[in-house]
Amino acid sequence: MSTREAFAGTADAAVSALLEDHGDRIYRMGLRVCGNSADAEDLVQETFINAYRGWDAFRGEAKPTTWLYTIASRACQRMHRLRSGEPRVMESFEALLPDQERGVPIVADVEDPLDVIAREELDATVRQAVAGLPTKFRMPFVLREMGELPIAEIAQILGLKEATVKTRLHRARLAVRKQLVGGLPRRDAPHPDHARQECLDLLKAKQDALDRDVPFNLPPDQLCERCQSLFETLDLTRNACVALSEEQMPERLREEIRAEFAEID
C-alpha cells in the first residue's frame with residue numbers, strides 16, 4: 001500500500017485531515033516568515049486550496065505532511081519575492097560568535113509566570129530577530145525551531161542537502177541568539193581556558209544536539225565559562241521560539257477554507 005493510499009482516498013478526507021492536524025503549524029509558519037496575520041492567513045488559504053486541487057496528482061513519493069509543507073514553503077517564497085525591504089545579507093559565522101562580546105549575559109528566570117513583562121519583551125525580541133533573517137536562513141529556522149520538523153524532512157521540503165540546511169540553521173540560530181542577548185545585563189568572565197578550536201567543536205556538538213532534540217550535558221569542568229553561557233543562551237533562544245509556537249489559526253479561517261473545498265467540488 002502506498003503512502004497516499006494509507007493516508008486517505010479522497011481529497012476532501014485527506015486535505016481536511018491535514019487542515020485539522022497542521023493548519024495551526026502552517027499559520028504559525030506564515031506569521032514568522034511573512035511577519036503579519038493577514039499574510040499568514042493568505043498563506044494558509046493558498047496552501048490548503050492548492051493541496052486540495054493537487055491531491056489527485058499526489059503519488060505518495062513523500063509523506064503527505066512533507067508534500068504539504070513543500071507547497072507552503074513555495075508559497076512563502078513567492079510571497080516574499082513580492083515584498084521590498086527584505087534583509088538580504090547574513091552576518092558571517094565568525095561575526096555571530098560571542099568571542100568579542102563583553103562579559104557573558106545574565107539569563108533571568110523568564111519562566112516565572114509572574115515575570116510577564118520579561119516574557120513579552122523576550123517574545124518581541126525573538127519576533128524581530130526572526131524577521132531580520134534573510135529568507136533562505138529564515139525558512140529552515142522557522143521549520144525547525146517553530147515547526148519542529150526534522151532536518152531530513154526540511155531538506156526535502158526546501159530541495160536542499162541536509163548539510164546546507166544545518167549550515168543555514170546554525171547561523172540563523174546564532175543570529176537570533178545574538179539579538180536576544182543584546183539587551184541582557186552582563187557580568188565579567190575570564191578568557192576561555194580551552195583552545196578556541198575546542199570551543200568551536202563543542203559549539204558544533206551543541207548545535208547538532210539541538211537539531212536532533214537530544215540532551216547535551218557535559219560536566220562544568222569540561223566547559224569554559226563563556227561556552228557554558230553560550231549554551232545557556234542557545235537553550236533560551238530555543239525555548240523562546242517554542243513559546244512563540246502556540247498561536248492558533250482563527251477558526252473562522254478554517255471554516256472559510258472548508259467552504260472553498262465545497263465550491264471546488
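The values are calculated or read from the model by the stated rules, or taken from the named source; none is laboratory data. Since the model is a prediction, treat every value here as computed from it, not as a measurement. Virtual Cβ from ideal backbone geometry, glycine too; neighbours counted across all protein chains shown. Accessible surface areas use protein heavy atoms only, side chains included; no ligands, DNA or RNA. Shrake-Rupley method; radii C 1.70, N 1.55, O 1.52, S 1.80 Å.
In the set (i) 17.2, 53; (ii) 20.3, 68; (iii) 23.8, 76, the label that goes with Rg and Dmax of the Cα atoms in Å computed for this structure is (ii).
Could you list, in their original order, any pairs among Lys136/Lys161; Lys166/Lys204; Lys166/Lys206; Lys178/Lys206; Lys136/Lys206; Lys136/Lys204 whose Cα atoms are separated by more than 18 Å?
Values: Lys136/Lys161 13 Å; Lys166/Lys204 10 Å; Lys166/Lys206 12 Å; Lys178/Lys206 16 Å; Lys136/Lys206 22 Å; Lys136/Lys204 21 Å.
Long pairs (Cα-Cα over 18 Å): Lys136/Lys206; Lys136/Lys204.
Taking 0.36 nm per residue of separation and subtracting the Cα-Cα distance, what length does fully extending Ala189 through Ala13 add? Kindly include the intermediate steps, with their values, before the conclusion.
Values: separation 176, 0.36 × 176 = 63.36 nm, distance 5.83 nm.
Stretched out fully, the Ala189 to Ala13 stretch lengthens by 57.5 nm.
When a 1.4 Å probe is rolled over the protein heavy atoms, the share of accessible surface on the chain that falls to carbon and sulfur comes to 50 percent.
Can you give me the accessible area per residue for the chain, using a 1.4 Å probe, in Å²? Numbers along the way, then the final one.
Working: 13440 Å² over 265 residues.
Roughly 51 Å² per residue, with all protein chains present.
Remind me, relative contact order of the chain in percent, using alpha carbon pairs under 8 angstrom and six or more residues apart? The value is 27 percent.
For the chain, what does -39500 (n - 2.57) per DSSP helix run (n ≥ 4), summed and divided by total residues, give at 222 nm, in deg cm²/dmol to the nearest 500? Walk me through the intermediate numbers first.
Numbers: 12 runs with 170 residues, N = 265.
After summing the helix terms and dividing by the residues of the chain, the value is -20500 deg cm²/dmol.
Sorting the segments 30-36, 89-95 by their mean number of nearby beta carbons within 10 angstrom, highest to lowest, gives 30-36, 89-95.
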